[in-house]
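One structure is given below, encoded as structure tokens.
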Amino acid sequence: MRVGSKPVLGGEHDAGLEIVEGWFASKGWTPWEFQRRAWGAFLSGRSGLIQVSTGAGKTYGAFGGPLAMLCAEHARGAVRRGLRVLYVSPLRAVSRDVELALAAPVIELGLPVRVESRTGDTPDGVRRRQQRSLPEVLVTTPESLTLLLTRPDAPVVLAGCDAVILDEWHELVASKRGSQTELALARLRAFSPNLRTWAVSATLPNAAVAARAAVGARETPVIIDGDMPRPVELDVLLPGKGRTLPWAGHLGLVMAEEVAAALDPASPSLVFTNTRSQAERWYGALRMLRPEWEPVMALHHGSIAREERARVEQGLKDGSVRIVVATSSLDLGVDFAPLERVLQVGSPKGIARLVQRAGRSSHRPRTPCRVTCVPTHMMEVVEFMATREALAKGEIEPREPAPKPIDVLVQHLVTCALGGGFTRRAMLEEVRGAFSFEGLAEEEFDWALSMVTHGGESLRAYENYHKVVERDGVYTVPDRRVAALHRLNVGTITSDGTIEVKYTSGRSLGRIEEDFIARLREGQRFVFAGKVLTLARFRDLVAYVRPATGRTTFTPIWSGTRLPISESLSQAIRRSLAERSEEAEDALSRAIRPFIEVQHRVSAVPRADETLVEIARTREGHHLFVFPFEGRLVNAGLGAVLALRLSRLAPATFSVAANDYGVEVLSAEPFDFGGAFGPGLFTSEGLANDAAESANTNFLAKLQFREIARVAGLVVQAYPGRGRTARQLQAGSSLIFDVLSEFEPGNLLLRQATSEVMTRHYEAGRLARTFHRIRCGPLRIVEAAKPSPLSFPLLIERLAGRLSSRSLLERIEAMKQEWMRGCEEASTHASGGRRARRASRSS
């Protein structure tokens, strides 16, 4: 452990603390207690994590200690030159705001200190100056930090770094970008043994784990909780009189009139959606309902051109933009002080995500933040009720670091070989100093090292995989082309295969996935960046467009944007659904009462500890519905495993559909679902093998391997002056996947691909917990005359791919009305002939 290895510095920096306190006083501020505690801990040589609510002053809480250190040096007559403080943010878009915030006290106190930023958007002139001389305070991103480590003089220019501040650490820690940052920090600590690391985070239930990931495996972190509560006030917008919510769907445009009525340009507002496509549709709907708002309304998501996003952000700050429809692109970072209201369209799918978004409103310490939730279908009213109850209990999701991703390690080894080189033993110990790699086996490290030196067992015949060369025990990269390509492709953010969209005049609008562009014909209209466009031509991986007139709802759909509900929210939903009292007279209970009553009449409403199972027969066949309320990924895994295990009992062909609440297993031929509930159906024994067998795991792993191969440098995403399409990357990575599968089946990157498939497609750990809960808890098995309101959305989920030319909403409403016409008959039949039984089994 490194506790005590750093000098106690507090006394010699007392003068610096007085200067910082004086600067606060000059602004009319008084430091919060958590800020003073963080400053003192830093100055005594400690590292740690600050977790406090948004708008409480976390930035100065983390920077005040390093600032006091610089002030004390200045008071003694000389500030040591060179890089002293690194401020790492996951969002390069906020780097300018952070730079200004950090520069303010430096300038006003007259410190001879440069404060600059270094991201992918930094001008070439600034880059050249920084290449000659790094500033004392540098704001950067994980990717640009990694690029700093590739400098040949990295061990020298980074040796004097005293502090690293990790902003929005809760957003980084659970991703490969977090793993990349952990390894970069381990490298920095090797250069600067007295480096102190301070992470800034929203409240996390596993703060100790997040803190250790930030400070490294050999440090005991200080965790500073600011007693600065900002209660979330959650209200729900319901349909107007005489109108109801649909039973399925996700766009929520049936609520557009209510949302328009709730908004007022006099109160600056953010309207959050969960997907970019949904944001495009909502922006268009609001603009159609309120055309007079167009000068003060804007659209913001990650695929829109950076210049337009910057214009919108600046407009929110200066008041020229009053209403913005946005995705998670505005979740973090930028402080929009005038912002008064936040609306969330659709379920946020997680408690922490809603807290983060709600915190954008009234961005002031100890000020309640209000969020208005807009349900897109009936069950989302229950989700919002569950979210409110979970918030009252302080429940929130943890963020777990990724366990030793080998592809990130392979990339890091090339980075370190470029940045001054390394020896094997020293690098192994250095890597193990990163929390996520603490348990890295020596054999795993040697395997990764062999990948960068000669491509491992299977790729050694190909010279382009011989990147790192060992001479006299030191590993370096002598090839300038290898060095250039590595620097160009540094990072773990992998492209989904996007194409730049430009006006024919040359101005960029943003990026759209290439599959969408491939389906367009020249002259066809579509909506993007809030504008109706027509495709003019496609040339050199650029889609050129012209403004178009008229209307269309043809909107790009970006992959990977449908999030499942979190495990914490899942538990809250089960409780909330079970606790709905027929006597409750609050507006939300009244809104969902017809839905609950029909569910009771046709089937049942499960208790919080029960799993509802419905068996029904329709003209489509025989249906099994299971409702764990565990999110679409887990429910899809559950359905796939159930279909496999049922087919072992009796030969049959099943189709499976899943949503956030449950799963449908359908057999076109008669199947005795009721007789299949033996002790082995929900057992966790053999679950991993059954999950792998039930899905085309090899195919999914091949798709996942594209990302892994890109991160590990086996395929190159970008060349100087040009990129590669997703199809080209997939073709290259698929070829490597096939070679490795045939000649090196134990390849660690192949194993990682399979592991990530199980985690990302099925949430494997959560799936196992779900099987255990279902097996050990009571089942509520109902044989229903027809599908219930809970089952209805699953029918829509399966049928969505082959709907008629009518819109999905029209089809849902038509099916609902047909269902309701037969409801009385079904209810009579169910009450007379339905057999319901409850089976309780222990493990």
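The values are calculated or read from the model by the stated rules, or taken from the named source; none is laboratory data. This structure is a prediction, so every number in the text was calculated from the model and none was measured. Note that we place each Cβ from the backbone using ideal geometry, even for glycine, and neighbour counts take in every protein chain shown. Calculation scope for accessible area: heavy atoms of the full protein, side chains included, ligands and nucleic acids excluded. Shrake-Rupley method; radii C 1.70, N 1.55, O 1.52, S 1.80 Å.
The table below lists the values:
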{"quantity": "Within the range 432-529, chymotrypsin sites (Phe, Trp or Tyr not before Pro) in DSSP loop having at most 16 other beta-carbon neighbours inside 10 Å", "calculated": "Tyr462"}
{"quantity": "Qualifying trypsin sites (Lys or Arg not before Pro) for the range 585-634 [loop in DSSP, other Cβ within 10 Å: at most 16]", "calculated": "Arg619"}
{"quantity": "Given charges at Cβ of Lys, Arg, Asp, Glu: the chain dipole, positive-most of Gly394, Tyr544, Ala616", "calculated": "Tyr544"}
{"quantity": "Anchor Lys702: aspartates and glutamates whose Cα lies under 12 Å away (excluding residues fewer than 8 positions away in-chain)", "calculated": "Asp738, Glu756"}
{"quantity": "Distance in nm between pseudo-label sites at Arg487 and Ala310 (7 Å out along the Cβ direction from Cα)", "calculated": "2.3"}
{"quantity": "Cα radius of gyration and Dmax for the range 457-522 (Å)", "calculated": "19.3, 60"}
{"quantity": "Lys, Arg +1 and Asp, Glu -1 on Cβ, resulting dipole of the range 463-541 about Cα centre, debye, nearest 20", "calculated": "520"}
{"quantity": "Value of D in µm² per second that Stokes-Einstein yields for the range 133-198, Kirkwood Rh from Cα pairs, at 10 °C (1.306 mPa s)", "calculated": "130"}
{"quantity": "Principal axes of the range 542-697: Cα extent on each, largest first, Å", "calculated": "61, 48, 35"}
{"quantity": "Percent RCO, i.e. relative contact order, over the range 1-152, from Cα pairs under 8 Å lying at least 6 residues apart", "calculated": "23"}
{"quantity": "Mean-position separation - Cα centroids, the range 678-695 and the range 730-761, in angstrom", "calculated": "23"}
{"quantity": "In Å², nearest 10: area of Asp609 left accessible to a 1.4 Å probe", "calculated": "80"}
{"quantity": "The chain: antiparallel DSSP beta bridges as a percent of all, rounded to 5", "calculated": "45"}
{"quantity": "13 Å beta-carbon shell around Glu630, net charge (K/R +1, D/E -1)", "calculated": "+3"}
{"quantity": "DSSP-loop trypsin sites (Lys or Arg not before Pro) across the range 72-126, with at most 14 other Cβ within 10 angstrom", "calculated": "Arg80, Arg81"}
{"quantity": "Space enclosed by the convex hull of the alpha-carbon atoms of the chain, per residue, Å³", "calculated": "177"}
{"quantity": "Contact order relative to length of the chain, as percent, for alpha carbon pairs under 8 angstrom and 6 or more apart", "calculated": "11"}
{"quantity": "Viscosity 0.692 mPa s, temperature 37 °C, Stokes-Einstein D of the range 215-323 from Kirkwood C-alpha radius, µm²/s", "calculated": "193"}
{"quantity": "The range 497-602 - Rg and Dmax from Cα coordinates, angstrom", "calculated": "22.7, 64"}
{"quantity": "Dipole magnitude of the chain, debye to nearest 20 (Cβ charges: Lys/Arg +1, Asp/Glu -1, about Cα centre)", "calculated": "1220"}
{"quantity": "Convex hull per residue volume in Å³, alpha carbons only, for the range 563-650", "calculated": "133"}
{"quantity": "Value of D in µm² per second that Stokes-Einstein yields for the range 393-516, Kirkwood Rh from Cα pairs, at 25 °C (0.890 mPa s)", "calculated": "143"}
{"quantity": "Once exposed loop GluC sites (Glu not before Pro) are cut out (DSSP; at most 10 other Cβ, 10 Å), longest piece of the chain", "calculated": "1-521"}
